[in-house]
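Asker: Just passing along the structure, written as structure tokens.
The values are calculated or read from the model by the stated rules, or taken from the named source; none is laboratory data. Because the structure is predicted, anything quoted here is derived from the model rather than measured. Cβ placement follows ideal geometry from the backbone for every residue including glycine, while neighbour counts extend to all protein chains displayed.
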Amino acid sequence: MPKVLLYITAKIIWIFLFYNKDFNENRAHVHVGKKDTQNLCKIWLEPNVELAKQGDLTDAQAKQVLQLAELYREKLINQWQSFKEGKTIRMIKIKK
């Protein structure tokens with residue numbers, strides 16, 4: 001379960017990750033949650049950024065992570081491609 005992006009603010013840390021079982025899925029996507037989230041949100045990255053599953057996130061939280069996914073879409077897709085190619089993924093840390 002590689003973590004691909006950490007988005008850190010004073011109030012929350014969002015964790016973006018891929019599941020190993022997603023390896024066979026063709027459409028690029030990412031799972032997002034915070035430390036105490038049981039059911040992660042799933043976001044499609046292509047063809048457009050859109051919510052696939054909200055998980056345990058509130059509507060406001062889902063909106064926030066969708067905006068982050070849109071903002072960092074290119075980096076996340078590059079991470080997805082590396083993941084699919086079996087390459088080592090270096091986690092991106094962003095502090096705001």
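Asker: Can you find, within the stretch 70-92, the residue that is surrounded by the fewest Cβ atoms within 10 Å (Cβ to Cβ) among those that are within 23 Å of Gln54 (Cα to Cα) and among the charged types (D, E, K, R)?
Answerer: Glu74
Asker: Condition first: surrounded by fewer than 15 Cβ atoms within 10 Å (Cβ to Cβ), within 17 Å of Ala28 (Cα to Cα) and not small (Gly, Ala, Ser). Now tell me which residues in the stretch 46-69 satisfy that.
Answerer: Matches in the stretch 46-69: Glu46, Pro47, Asn48, Glu50, Lys53, Gln67.
Asker: Can I ask one more? Just wondering, is there one or more residues in the stretch 37-51 that are among the basic types (Lys, Arg), without any contact (Cβ under 8 Å) to a residue 40 or more places away in the chain and farther than 14 Å from Leu66 by Cβ?
Answerer: Within the stretch 37-51, none of the residues are among the basic types (Lys, Arg), without any contact (Cβ under 8 Å) to a residue 40 or more places away in the chain and farther than 14 Å from Leu66 by Cβ.
Asker: Select from the stretch 44-60 the residues that are among the aliphatic types (A, V, I, L, M) and either assigned to a helix (DSSP H, G or I) or closer than 13 Å to Leu5 by Cβ (or both) and list them in ascending order.
Answerer: First, the residues of the stretch 44-60 that are among the aliphatic types (A, V, I, L, M): 45, 49, 51-52, 57, 60.
The answer is Leu45, Ala60.
Asker: In this structure, is Lys63 within 12 Å of the chain's Cα centre (by Cα) and part of a helix (DSSP H, G or I)? Before the answer, list the steps.
Answerer: Values: within 12 Å of the chain's Cα centre (by Cα): no; part of a helix (DSSP H, G or I): yes.
No.
Asker: Confirm whether Asn20 is out of contact with any Leu (no Cβ under 8 Å at 6 or more places or on another chain), at pLDDT below 95 and either small (Gly, Ala, Ser) or under 13 Å from Met1 (Cα atoms) (or both).
Answerer: Yes: the conditions hold for Asn20.
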